[in-house]
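Data block below; observations after.
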Amino acid sequence: MNKNSSTSRRSFIKKTALTTLGISIIPRHVMGKGFIAPSDKLNIAVVGAGGKGYSDMVNVWNNGASNIAAICDVDWNRAADAFKKFPKAKQFKDYRKLLDNMNDIDAVTVSTPDHTHAVITLAAMQLNKDVYVQKPLTHNIYEARVLTEAANKYKIVTQMGNQGASGKGVQTMIDWFDSGIIGNVNQVDVWTNRPVWPQGIKTPTDKPALLDNLDWDSWVGPAEWVDYHPLYHPFKWRGWWNFGTGALGDMGCHLMDPPYRVLGLGYPTEVESSVGAIFTQDWTPDYYPESCPPSSRTQLKFEASEKNPSQVKLNWTDGGLRPFHPELIPADHPIGDENSANGVIMIGEKGIMTCGTYGRNPKVYLNSGEIILSENDNSEESNLPENGHHAKWVEACKAGFGSEEHKSLTSSFDFAGPLTESILMGNLAIRSYNLREKAGERFEYPGRKKLLWDGTNMKITNFEPANQFVKREYREGWKLD
């Protein structure tokens, strides 16, 4: 049935009511998008149920406000708690089998390693399932563009899992900036203590025994094949380019979201990175291009926007490196989080605005010496997904594509896609920085320069080898179309 056909929907409901008198629960997918079934519950399938996937599942369930109809995870050891909590949910290891056999689901959460986000999400959208996808939205720039366009093509209600976007802190920063309190901004500093997993390390060559109840072929999915190793699964996949997106991918969607949103930024026009080196022998740095670096620094340049009529240079640092205190911030004031591990500084003409992770604890330091603190509760509890990000997505799914509830979402793909592309530009520059060529007895590194980006066409215009990182090659049997 065409989900936009109200006439067909009304006819079907009338016929169903006459022939099934006394039955009060009708699946929402039968009614069509935007119709709330008598049960008023969304049927949700969960793909990825361990770690963050477990909390995503619990939050969209929201104490029974939604129905967890199916749970899919390639590692049933990691999914054991999810299976126990929702014993009536159907269990799968392969998301493709889930989608083939669960026609009665309305929406899907995707909380898997980065490299499988796009293939799972697109497959669900093509079946008219609304989707909630963990950050970063995708593994590479091309995939982010594909999902952004597909959301509109298939009329899907979407949300990316950077939950701070729905918190009070970010909205406070928007209100402050829009009032003109710090004037135009031309510099932003963002930093994180990530990675907190191994990076800049040698690719393992040993072959430990495969864990029971783990479908490794499906775990590798579209990525280049490697044998199972605990340095990949669980969690440590973040530090390998084949699967993860490093510190930038992990925290960029949380930390770059406030300035990107507040300043109304678009695609960057330039990017330049430098990378920390590790020496285990004199004079010759270790070279492990499959592994994300132990630390890095990246600068993205954005053109003036309607909200901020100044060019912006955004400086990102990771690996525990952070910017120094600006003069306006007293020496004993933490910058960013209370421990200064992560944070954001926006430097304007009239003052400085700062915040911590998820946009918490925003502050303004004016050139006049005045300090403005938020009156909102920006504690971690106020940013819990069930108080906003997940719950709002569930309500938007019920209301349907194009509804006011849908339009009010803070990280639907029309926003989350370009944000993710901008963040992954940094990874493109980091990987280009490490490209090397043999020149006699030494190596040259031709990618160690400022890269010029054509955002519309997704192309580096002054260093062609960098474009290999815009998209990936998909393993045979997997594709994105």
Spacing of the two label points (7 Å from each Cα toward its C-beta) at Asn152 and Glu473, in nm | 3.3
If we sort 158-167, 64-73 on the protection proxy, mean other Cβ atoms within 10 Å, highest first, what's the order?
-> 158-167, 64-73
Heads up, the stretch 175-280 by the C-alpha gyration tensor (a ≥ b ≥ c square roots of eigenvalues; a/c under 1.5 rounded, else a/b over b/c prolate, else oblate) looks prolate
Dividing the Cα radius of gyration by the Kirkwood radius, what Rg/Rh value follows for the chain?
-> 0.99
Multiply the residue separation of Trp225 and Asn62 by 0.36 nm, subtract the distance between their alpha-carbon atoms, and state the gained length in nm to one decimal.
-> 54.9 nm
Going by alpha carbons, how many degrees (0 to 90, nearest 10) lie between the helix axis of 6-19 and the longest principal axis of the chain?
-> 40
What is the packing order of peptides 429-441, 137-149, taking the mean over residues of other C-beta atoms within 10 Å and listing the highest first?
-> 137-149, 429-441
Efficiency of FRET between Asp175 and Lys438 - r from beta-carbon atoms, R0 35 angstrom, step 0.05 | 0.05
Cα-based Rg then Dmax for the stretch 388-455, in Å, read 20.6, 65
Work through the residues other than Pro204 whose Cβ is under 14 Å from its Cβ and net out their charges, Lys, Arg +1 and Asp, Glu -1.
-> 0
Per residue, in Å², the accessible surface of the stretch 99-182 once ligands and nucleic acids are set aside, probe 1.4 Å | 26
Hey, any idea what % of the stretch 255-294's accessible area is carbon plus sulfur with a 1.4 Å probe?
-> 52
Roll a 1.4 angstrom probe over the protein heavy atoms and tell me the percent of accessible area of the stretch 192-254 that is carbon or sulfur.
-> 53
Could you order peptides 248-259, 336-347 by the average number of other Cβ atoms within 10 Å of their residues, highest first?
-> 248-259, 336-347
Extension length gain for Lys88 and Tyr287 (0.36 nm per residue less Cα distance), in nm, is 66.7 nm
Accessible area per residue in Å² at 1.4 Å probe, computed on the stretch 254-399 | 46
Just flag the trypsin sites (Lys or Arg not before Pro) in the stretch 80-110 sitting in loop per DSSP whose Cβ has no more than 11 other Cβ atoms within 10 Å.
-> Lys88
Distance between modelled label sites at Lys350 and Asn186, nm, 7 Å Cα→Cβ extension = 1.8
Tilt, helix 52-61 to longest principal axis of the chain (alpha-carbon atoms), in degrees rounded to tens, equals 40
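The values are calculated or read from the model by the stated rules, or taken from the named source; none is laboratory data. Predicted model only: the values in this text are computed from it and were never measured. Note: ideal-geometry Cβ built from the backbone for every residue, glycine included; neighbour counts use all protein chains shown. For the accessible areas, the whole protein counts, side chains as well, though only heavy atoms, and no ligand, DNA or RNA atoms are used. Shrake-Rupley method; radii C 1.70, N 1.55, O 1.52, S 1.80 Å.
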